[in-house]
Every structure is written in structure tokens, then in C-alpha cells.
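Okay, so here's the structure we're looking at.
The values are calculated or read from the model by the stated rules, or taken from the named source; none is laboratory data. Values in this document were obtained by computation on a predicted structure and should not be read as measured data. All Cβ positions, even for glycine, are placed from backbone atoms using ideal geometry, and neighbour counts span all protein chains on display.
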């Protein structure tokens, strides 16, 4: 329960009284997490200790808000800031659930950072880890000499993947400890959202366990009924106590109703878990799998880019390109792309354009906004030197960052891209079966029916006068974004003049356009 601790490796609790005076009253008054599905929501994921290594909370407050605001992200998501003994865990093995890590300064300095982000108009999400805790004897493990926070059954207590201990969610005192902790971060530190880590490991009794290593629940099933009840209680309490806060689940299975209300019982017999948003791990896995193939082979994997729309409205989704995808041999985002350096950057840009137009909110991990080629490491953070004017290829990386800035700018100003993210009426395929050409085209609509047309060409071939079906209600279209723009490092194949809709039916629509499709690029078109 310590609200402040010594800096690791020291472990003592420190008596603390807060003296921070908040200056984010305007932000707190207008934030609206309850309508997050109908608002722009573009997230920059940050590991604070390594974003700019050596900076304190107060020093970060002088740099991070300005950087994020310049790029146009609406929120930052901070990897866990609660105290943890091992820096290499990135904060996911928590010992001080109520204390921001002392590595970067005292709790009031963390408040200063949140305050600065809010005053810059940026929401703050924090990774929260109620799935497990480390075995350190001075922390929660066998707190009173015997299992207290963890189950008494060793098989239930041990987390098989991380060598940690799981919480006993069936114990009232443990649930109270965790629910109160979620509320504490939102109330004490003005946090705008909690991203709950490793939800799947909480929901299933047999998670990463072999037969004989787990015991079924009272109904003979594999669901952890206590964990389900805890998550429902946590979400219901946070939404009741903390208006404007959103909860987000990292849940990697197809559990039914992650973002359904807790009182709505689904086909599984359970009420919803009550989260506001859920990471779309399936979209991430499939789309990155598609991009890893050489363009000549992508036609055999076309479904990997379209399958997400089969289930896109089963939950309220975030499209995550997170830290987990750029570590441990997985390569940086640009490094996943085939071909030479130009083709890799082109694919990187085209993919971001496709991602920002796809239904769902966006999350991008630091360093990927400027196509860093190396994997992330908590030891040194992003390769900022790639943006140094003295570096010969600086323009390559700055161009990608300029694209991310423009993606966020156009996204925020374009209601079809976010107003109807969670309803089928906000999306329609135009060309979902263009596998021979590696082309995808779809329309997004806002509440008034105003459209945006997104077309992605994941082949290195320029496609001239490529016929694309459109509604006959819009006579002229103009290109509002093109990832092949020379400003971003592309070849500069643009649609510079408005495109007139012809009365020629295509793709099941009464009219059509004939845009030029740049190589390995995504274009966005709006009514002129």
C-alpha cells in the first residue's frame, strides 16, 4: 500500500504526502471516455525510462507533451509506471502497486508529467497489471508467512509463463486491494484510461498449463469464474467512480463479450467483462503476416488483410502495433517488410495508411513513427540519431514521421474515420477480392453518410486508371493523403487533380473513379 518507495534495488516504503496542485481542470472537465468510440483516438505507446534515457518525470514533462502534440496523437499509453524491482520486466512485474517508480522521481513529479500532458491536450493511459506479481519475499508473496494474495494451491498460484504468482481473485480482500488500486490511479493521478495486461491469462484456468496442472471450476469448465467476477467488478467500479475514464483489455483469445456491458449476458452464459476497448490481436497478427510476404506471393494471403472485417464489430477494437511486436527477434516494424530499403519504407508507410483508415482506434509504439530499423531495447530506447540532420539517411526517417503527423492530422479532421468505428454502417468494401493486384479498397462513412475512400496497393507496380466503384452521390473526389508523396520519401505518384466520378458501374456500385495507384502505397480520397 506504500504510495512512495525507495529507488530499486532498495525496497523500503517512504512516508509521502502530496503537495502537487493540479492545473488540468479544463481537461478533466471536458474529457469524455464514455464516447471514446465516436471520437478520434490515436495512441503513442511509451516506455518512460527509455524514451529519452536519463530523463526524470519533470524533464520528460518538458519534452514528451510537445513531441506527442506535434505528431497529433490524442493519447499516450505509458508502459507500467508502478514500482517494480527488475527494470528488464519493463514494469510488468509489480511490487509497489500504489507507487509510481522512484527511478524517475517522486509521485508528485509523476503528477507533474500527467498535468503537462493534459495541459497539452493529450490523454494519459497507463498499463495496469493485475494478472500476477513477483515472488520477492519482501513484497506480496506469502505476505504474512503463508499464501495471502496468491491462492493456497501451488498449482493455481504459480504463473507458468513468467515465474510469478497469480492473485487469488476469489478472496474479497484481494479483489478490494486491486479494485481500489485501479480507482487510485485514476483519482490520485488523473489517469484517463487503464490498459489491463494479460487478461487471457486471468480468464482461463488452463492458460499455459498441461492436463493435470489445473483444476476445473465448479461447473467443470476452464473459465476462472473468480477472475471474471473481479474484472466485471473492477470495470463497473472504475466507470462509476471515475467518469471519463476508459478501460482497455489486452485479451488475446476470442472470449465473448470483453467490451460488452457486465449486465448483458451473452451466448457463453457470462455477462460482459465491461471493458471499453479491446486490443485486436488477430488483426495485428494477420496483417503483419501478410506484409511479411514478398509482393509476388501476397495474392495467396489476401484473406489475411480482409478477415478482420468478419469480426470487426464483435468488440470495440484498438489496432495495436505495440512494444511486443518489435522485440525478442520479431524485428522493428519496417524490418518486417521484404525488399530493399526503399520498398521496406514504402510498405511501412502503406501499412500505416491502411491501419489509420481501418475500423478501430490506433496504437503505435515509440520509434515506429520514424521507421527505426533496430528492435527496441529498454537499455537505450529509440534511435533518435536517425533524425539527426548530420545523418546521411535522415530524410528517410523524417519523411515517415512527417507521414504519421499527417495521418493523425487528417484522421482527426475526418469524421468518417472515427465516428462510426463500432457499427457496420461505418464501413463498406469496394474491392476486397483484388488478390491478383494486391489491391484493397473500402469506404468509411460518418453519421451523415459522408464518405472517405481508402485504396491500398501492396504491389510495387504503378496501376494507372485503376477503376474503383463509388457512390453516385459524389461527383468529384480529391486526394487528401498519399503515402507515396515525395515529402514522405515516396516516388511522388500522386492524383493532383480532382477525380470525376464516371457513370460506369464497378464493384457493385453505380459510379466509378480512375485514380492512379502508386506502388506500395495507400491513398485517401474525399468528396471535393
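If the condition is being closer than 30 Å to residue 359 by Cβ and in a loop (DSSP other than H, G, I, E, B), then segment 1-42 contributes 31, 32, 39, 40, 41.
Would you confirm whether or not segment 103-126 contains a residue that is surrounded by fewer than 23 Cβ atoms within 10 Å (Cβ to Cβ), in contact with a strand residue (DSSP E or B) (Cβ under 9 Å, 6 or more places away or on another chain) and within 15 Å of residue 50 (Cα to Cα)? So far as segment 103-126 goes, yes, one or more of its residues are surrounded by fewer than 23 Cβ atoms within 10 Å (Cβ to Cβ), in contact with a strand residue (DSSP E or B) (Cβ under 9 Å, 6 or more places away or on another chain) and within 15 Å of residue 50 (Cα to Cα).
Restricting to segment 411-420, and then to whatever is part of a helix (DSSP H, G or I) and over 19 Å from the mean Cα position of the chain (by Cα), can you tell me which residue is farthest from residue 35 (Cα to Cα)? Among those residues, the one meeting the criterion is 413. All told, residue 396 falls short of being in contact with a helix residue (DSSP H, G or I) (Cβ under 8 Å, 6 or more places away or on another chain), assigned by TED's automatic domain parsing to the domain that holds residue 288, touching a residue at least 40 places away in the same chain (Cβ under 8 Å) and within 23 Å of residue 454 (Cβ to Cβ).
Out of the strands (runs of 3 or more DSSP E) lying entirely within segment 58-131, which hold 2 or more residues that are under 22 Å from the mean Cα position of the chain (by Cα)? Working first, answer last.
Working: elements: 75-78, 96-100, 123-128.
Correct list: 75-78, 123-128.
Among the residues making up segment 365-395, those that are surrounded by fewer than 20 Cβ atoms within 10 Å (Cβ to Cβ) and under 21 Å from residue 347 (Cβ atoms) are 373, 374, 375, 383, 387, 393, 394, 395.
Scanning segment 455-465 for residues that are under 31 Å from the mean Cα position of the chain (by Cα) and not in a loop (DSSP other than H, G, I, E, B) yields 455, 456, 457. Inclusion of residue 389 among residues that are outside the structural domain of residue 55 (by TED's automatic domain parsing), over 25 Å from the mean Cα position of the chain (by Cα) and farther than 23 Å from residue 511 by Cα is not warranted.
Residues in segment 240-283 that are touching a strand residue (DSSP E or B) at 6+ places or on another chain (Cβ under 8 Å), more than 23 Å from residue 130 (Cβ to Cβ) and either assigned by TED's automatic domain parsing to the domain that holds residue 519 or surrounded by 16 or more Cβ atoms within 10 Å (Cβ to Cβ) (or both): 283 only.
Among the residues of segment 466-492, what is the count of those that are in a helix (DSSP H, G or I) and within 26 Å of the chain's Cα centre (by Cα)?
Initially, segment 466-492 is screened for residues in a helix (DSSP H, G or I), giving 486-488.
Now drop any that are not within 26 Å of the chain's Cα centre (by Cα), which leaves 488.
Qualifying residue count, segment 466-492: 1.
Criterion first (more than 22 Å from residue 77 (Cα to Cα), in contact with a helix residue (DSSP H, G or I) (Cβ under 8 Å, 6 or more places away or on another chain) and assigned to a loop (DSSP other than H, G, I, E, B)) does residue 339 satisfy it? Don't jump to the end; show me each part of the working.
Values: more than 22 Å from residue 77 (Cα to Cα): yes; in contact with a helix residue (DSSP H, G or I) (Cβ under 8 Å, 6 or more places away or on another chain): yes; assigned to a loop (DSSP other than H, G, I, E, B): yes.
Yes: the conditions hold for residue 339.
Residues in segment 343-383 that are at negative phi and without any contact (Cβ under 8 Å) to a residue 60 or more places away in the chain: 344, 348, 368, 370, 372, 373, 374, 375, 383. Looking across segment 498-528 at every residue that is touching a helix residue (DSSP H, G or I) at 6+ places or on another chain (Cβ under 9 Å) and outside any strand (DSSP E or B), the one that is nearest to residue 291 (Cα to Cα) is identified as 520. Scanning segment 429-451 for residues that are buried (at least 17 other Cβ atoms within 10 Å of the Cβ) and closer than 24 Å to residue 279 by Cβ yields 432, 440, 442, 444.
Checked against the criterion of being surrounded by fewer than 16 Cβ atoms within 10 Å (Cβ to Cβ) and touching a helix residue (DSSP H, G or I) at 6+ places or on another chain (Cβ under 8 Å), the candidates 492, 426 yield just one match: 492.
Among the residues of segment 324-335 satisfying the criterion of being in a helix (DSSP H, G or I) and in contact with a helix residue (DSSP H, G or I) (Cβ under 8 Å, 6 or more places away or on another chain), which is nearest to residue 397 (Cα to Cα)? I'd like the intermediate steps shown before the answer.
Just the residues of segment 324-335 that are in a helix (DSSP H, G or I), to begin with: 324-325, 334-335.
After this cut, where a residue has to be in contact with a helix residue (DSSP H, G or I) (Cβ under 8 Å, 6 or more places away or on another chain) as well, the list is 325, 334-335.
Numbers: 325: 19, 334: 11, 335: 13 Å.
Out of the qualifying residues, it is 334.
Please tell me if residue 88 is at pLDDT below 95 and either out of contact with any strand residue (DSSP E or B) (no Cβ under 8 Å at 6 or more places or on another chain) or within 24 Å of residue 6 (Cβ to Cβ) (or both). I'd like the intermediate steps shown before the answer.
Values: at pLDDT below 95: yes; either out of contact with any strand residue (DSSP E or B) (no Cβ under 8 Å at 6 or more places or on another chain) or within 24 Å of residue 6 (Cβ to Cβ) (or both): yes.
When the stated conditions are applied, residue 88 passes them.
With a requirement of 1 or more residues that are in contact with a strand residue (DSSP E or B) (Cβ under 8 Å, 6 or more places away or on another chain) and farther than 21 Å from residue 251 by Cβ, the helices (runs of 4 or more DSSP H) lying completely within segment 146-209 that satisfy it span 154-157, 172-188. Report yes if some residue within segment 312-323 is part of a helix (DSSP H, G or I) and out of contact with any helix residue (DSSP H, G or I) (no Cβ under 9 Å at 6 or more places or on another chain); otherwise report no. Within segment 312-323 (the criterion being part of a helix (DSSP H, G or I) and out of contact with any helix residue (DSSP H, G or I) (no Cβ under 9 Å at 6 or more places or on another chain)), the answer is yes, since at least one residue qualifies.
Of the residues 224, 217, the single one that is under 21 Å from residue 174 (Cβ atoms) and surrounded by 21 or more Cβ atoms within 10 Å (Cβ to Cβ) is 224.
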